[in-house]
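*Asks:* Please find one structure pasted underneath; my questions will follow.
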Amino acid sequence: MKVTIKLFAFLGERLGPAVEIDVPKSVTQAALKDAVLELDPALEATLANSRVAVDQEFINEDVLQLSEASEVALIPPVSGG
């Protein structure tokens, strides 16, 4: 199944505002991040510390149940002032 993942901050600067990847309906957060990591291996540290949101809510569960209509986002840690 194809899912669009919205990317924010540094991730969006590197890969654009969104990427489309193939995933099974039931996918782990780690597998989701690994699929994005394949697009740019230099993002490993950033992805390791990024939060996953589905349908505008941060997810704490490791296994995600997704559909093609799911809004998935990866949000890296941000800082600034």
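*Asks:* Taking the residues in the stretch 51-81 that are β-branched (Val, Ile, Thr) and touching a strand residue (DSSP E or B) at 6+ places or on another chain (Cβ under 7 Å) as candidates, determine which candidate is farthest from residue 6 (Cα to Cα). Break it down into steps so the answer makes sense when it comes.
*Replies:* Step one: list which residues in the stretch 51-81 are β-branched (Val, Ile, Thr), which gives 52, 54, 59, 63, 72, 75, 78.
From the residues that got through so far, the ones that are touching a strand residue (DSSP E or B) at 6+ places or on another chain (Cβ under 7 Å) too are 52, 54, 59, 63, 72, 75.
Working: 52: 10, 54: 10, 59: 15, 63: 19, 72: 6, 75: 9 Å.
Filtering the stretch 51-81 for residues that are β-branched (Val, Ile, Thr) and touching a strand residue (DSSP E or B) at 6+ places or on another chain (Cβ under 7 Å), the one farthest from residue 6 (Cα to Cα) comes out as 63.
*Asks:* Hey, any hits in the stretch 39-52 for a residue that's open to solvent by less than 90 Å² (accessible area, probe 1.4 Å) and of a type in the set (D, E, K, R)? Before the answer, list the steps.
*Replies:* Of the residues in the stretch 39-52, the ones open to solvent by less than 90 Å² (accessible area, probe 1.4 Å) are 40, 42-43, 45-48, 50, 52.
Those left that are additionally of a type in the set (D, E, K, R): 40.
Within the stretch 39-52 (the criterion being open to solvent by less than 90 Å² (accessible area, probe 1.4 Å) and of a type in the set (D, E, K, R)), the answer is yes, since at least one residue qualifies.
*Asks:* To continue, here is another question. Restricting the stretch 58-81 to residues that are closer than 24 Å to residue 13 by Cβ and open to solvent by 70 Å² or more (accessible area, probe 1.4 Å), which is nearest to the chain's Cα centre (by Cα)?
*Replies:* Top of the filtered list is 58.
*Asks:* A further question follows. Got a sec? Which of 61, 38, 68, 20 is among the acidic types (Asp, Glu) and in contact with a Lys or Arg (Cβ under 6 Å, 6 or more places away or on another chain)? Don't jump to the end; show me each part of the working.
*Replies:* Values: 61 fails: in contact with a Lys or Arg (Cβ under 6 Å, 6 or more places away or on another chain); 38 fails: in contact with a Lys or Arg (Cβ under 6 Å, 6 or more places away or on another chain); 68 fails: in contact with a Lys or Arg (Cβ under 6 Å, 6 or more places away or on another chain).
The match here is 20.
The values are calculated or read from the model by the stated rules, or taken from the named source; none is laboratory data. Just so we're clear, the structure is a prediction, and the values are computed from it rather than from any experiment. Positions of Cβ are generated from backbone atoms using ideal geometry, with glycine treated the same way; all protein chains shown enter the neighbour counts. To get the accessible areas, we keep the full protein, side chains included, count just its heavy atoms, and leave off ligands, DNA and RNA. Shrake-Rupley method; radii C 1.70, N 1.55, O 1.52, S 1.80 Å.
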